[in-house]
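*Asks:* Have a look at this one before I ask anything.
The values are calculated or read from the model by the stated rules, or taken from the named source; none is laboratory data. Remember, it's a predicted structure, so these values are computed and weren't measured experimentally. Note: ideal-geometry Cβ built from the backbone for every residue, glycine included; neighbour counts use all protein chains shown. For accessibility, only protein heavy atoms count, side chains too; no ligands or nucleic acids. Shrake-Rupley method; radii C 1.70, N 1.55, O 1.52, S 1.80 Å.
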Amino acid sequence: MQMNTPPRSTIRLTRRGRVALIATGAVVAATAVAVPLLTLTMEGEETRPTSLVIPEGWRTGQVYDAVDKALALPLGSTKKSLAKANLKLPSDAEGNPEGYLYPATYRLDRTATPESLLAQMVNTANKKFRGSPVTAGAQRNAMNVYQAVTIASIIQSEAATKPDMAKVARVIFNRLERGMPLQMDSTLNYALNRFTLSTTTNDTKLESPYNSYQRMGLPPTPIANPGEDAMRAAINPTPGDWLYFVTVKPGDTRFTASYEEHQRNVAEFNLLRRRASPSTTSSNSTSTAVPGSSSASAAR
């Protein structure tokens, strides 16, 4: 399987419509949404939180900010602590914990530090990812575990629902095997450090190893921290010939091998989006004319 190759251009995927998720803040949630589980004193005053919740699909930056908030530290403290955290990351990660800050609920005791919390997250990820099912599943699909985590992170960012995850995985594998660029908006949004439904043609020209519109193969690292369901989908893709997908509306994600059919699906998505909010879709947005990627046209 071709995982990393020089830049090349072909038909591109568009993005999945995760309008409902973004509207409710589930995807773009600020760290305050899911972070500390607070306790109260008898007088009703807040005390130090007792737990830290890391949702599936958060990026490292969101995790760092959440830890800072939970431990009442200045913003940026957790990120700075990486150098002394001595995290047990795979060699492929080259010290970057993206993908390995495992989504879960972590207990906050009085001795908790940024280093100890990050270590717990990475150790949990290693336990989950180094098991024989994941290792065997990765080998079965001609990849290593780090590549499987990278694919899982894209699935986590792209799939509208749990049942869609294994289908999104199949789109990724089919494109890799055919030498097609992934063209996922999720990877482009990662490069631009944003969450959005609108991707312009100029955006797709960005010089970045995470620009899967311009570059072949997988991005150099995961783009989020995937959960168990996304990881399971990455090593067990649903059989199918799909190359494109788009969530036309909540609960209606359409997968197809036909570019023409996908264009019709994307046109329907854009029509519904314009009706819902005329100002959100611009004439130079890739979601107005394309094939299948992250938030409004192809994947999640």
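*Asks:* Of the listed peptides 149-158, 213-222, what is their order by residue-averaged count of other C-beta atoms within 10 Å, with the highest listed first?
*Replies:* Details: 149-158: 30.1, 213-222: 22.6.
So the order, starting with the most tightly packed, is 149-158, 213-222.
*Asks:* Let me ask another. Between Ala276 and Arg178, how high is the FRET efficiency from 1/(1 + (r/R0)^6) when r is the Cβ-Cβ distance and R₀ = 30 Å? Nearest 0.05.
*Replies:* Working: r = 34 Å, r/R0 = 1.14.
Computed FRET efficiency for Ala276 and Arg178 comes out at 0.30.
*Asks:* Find how many whole Å separate the alpha carbon centroid of region 112-161 from the alpha carbon centroid of region 76-99.
*Replies:* Each part reduced to its Cα centre gives a spacing of 15 Å.
*Asks:* If you add up the charges near Pro74, with Lys and Arg at +1 and Asp and Glu at -1, over every other residue whose beta carbon is less than 13 angstrom from its beta carbon, what do you get? It would help to have the intermediate numbers written out before the result.
*Replies:* Values: positive: Lys69, Lys79, Lys80; negative: Asp65, Asp68.
After counting each charged neighbour, the total is +1.
*Asks:* Using a Cα-Cα cut-off of under 17 Å, which lysines could be cross-linked to Lys128, ignoring same-chain neighbours fewer than 8 residues away?
*Replies:* Lys88
*Asks:* Which pairs in the list Lys79/Lys205; Lys167/Lys249; Lys69/Lys127 are over 24 Å apart, alpha-carbon to alpha-carbon?
*Replies:* Details: Lys79/Lys205 29 Å; Lys167/Lys249 17 Å; Lys69/Lys127 27 Å.
As for pairs spanning more than 24 Å Cα to Cα, those are Lys79/Lys205; Lys69/Lys127.
*Asks:* Hey, any idea what % of region 124-186's accessible area is carbon plus sulfur with a 1.4 Å probe? Don't jump to the answer; show the numbers that get you there.
*Replies:* Details: 1100 of 2170 Å².
Heavy-atom surface of region 124-186 belonging to carbon and sulfur, 1.4 Å probe: 50 percent.
*Asks:* Using θ = phi - 60° and the Karplus curve 6.51 cos²θ - 1.76 cosθ + 1.60, what whole-Hz ³J(HN,Hα) does each residue of region 82-96 get, with Gly and Pro shown as x?
*Replies:* Going residue by residue, I get 4, 4, 10, 7, 6, 6, 8, 8, x, 4, 4, 6, 6, x, 8 Hz, with x marking Gly and Pro.
*Asks:* Let me ask another. Over region 186-250, what is the relative contact order in whole percent, taking alpha-carbon pairs under 8 Å and six or more residues apart? Let's see the in-between values first.
*Replies:* On the way: 33 pairs, mean separation 16.4, N = 65.
Dividing the mean separation by the residue count of region 186-250 yields 25 percent.
*Asks:* Compute the signed sum of charges (Lys and Arg +1, Asp and Glu -1) over the other residues within less than 15 Å, Cβ to Cβ, of Val134. Walk me through the intermediate numbers first.
*Replies:* On the way: positive: Lys127, Lys128, Arg130, Arg140, Arg232; negative: Asp92, Glu228, Asp229.
Net of charged neighbours comes to +2.
*Asks:* List the residues whose amide H sits under 5 Å from the amide H of Arg254, counting only those 5 or more places along or on another chain, with H placed 1.01 Å from N in the peptide plane.
*Replies:* Val246, Thr247, Val248
*Asks:* For an R0 of 35 angstrom, estimate the FRET efficiency from the Cβ-Cβ distance between Asn144 and Thr238 and round to the nearest 0.05. Can you show the working numbers first?
*Replies:* On the way: r = 22 Å, r/R0 = 0.62.
Rounded to the nearest 0.05, the efficiency is 0.95.
*Asks:* Please list the non-local residues whose amide H lies under 5 Å from the amide H of Met216, H modeled 1.01 Å from N, same-chain partners needing a gap of 5 or more.
*Replies:* Residues meeting the criterion, in which the H sits 1.01 Å from N, are Thr5, Arg8.
*Asks:* Arrange the peptides 238-245, 74-81 so that the one whose residues have, on average, the most other Cβ atoms within 10 Å appears first.
*Replies:* Details: 238-245: 19.1, 74-81: 15.1.
Descending mean neighbour count gives 238-245, 74-81.
*Asks:* Ok, one more. How much accessible area per residue does region 206-275 have, counting only protein heavy atoms and a probe of 1.4 Å, in square angstrom?
*Replies:* 41 Å²
*Asks:* When the accessible area of region 208-272 is split by element with a 1.4 Å probe, what percent falls to carbon and sulfur? Numbers along the way, then the final one.
*Replies:* On the way: 1180 of 2390 Å².
Carbon-and-sulfur percentage of accessible area, whole number: 49.
*Asks:* Amide H to amide H under 5 Å from Ser51: which residues, 5+ apart in sequence or cross-chain, H placed 1.01 Å off N in plane?
*Replies:* HN-HN under 5 Å from Ser51: Leu37, Leu108.
*Asks:* For region 77-195, what is the accessible area per residue in Å² when the probe is 1.4 Å?
*Replies:* Numbers: 5100 Å² over 119 residues.
Normalised by residue count, the accessible surface of region 77-195 is 43 Å².
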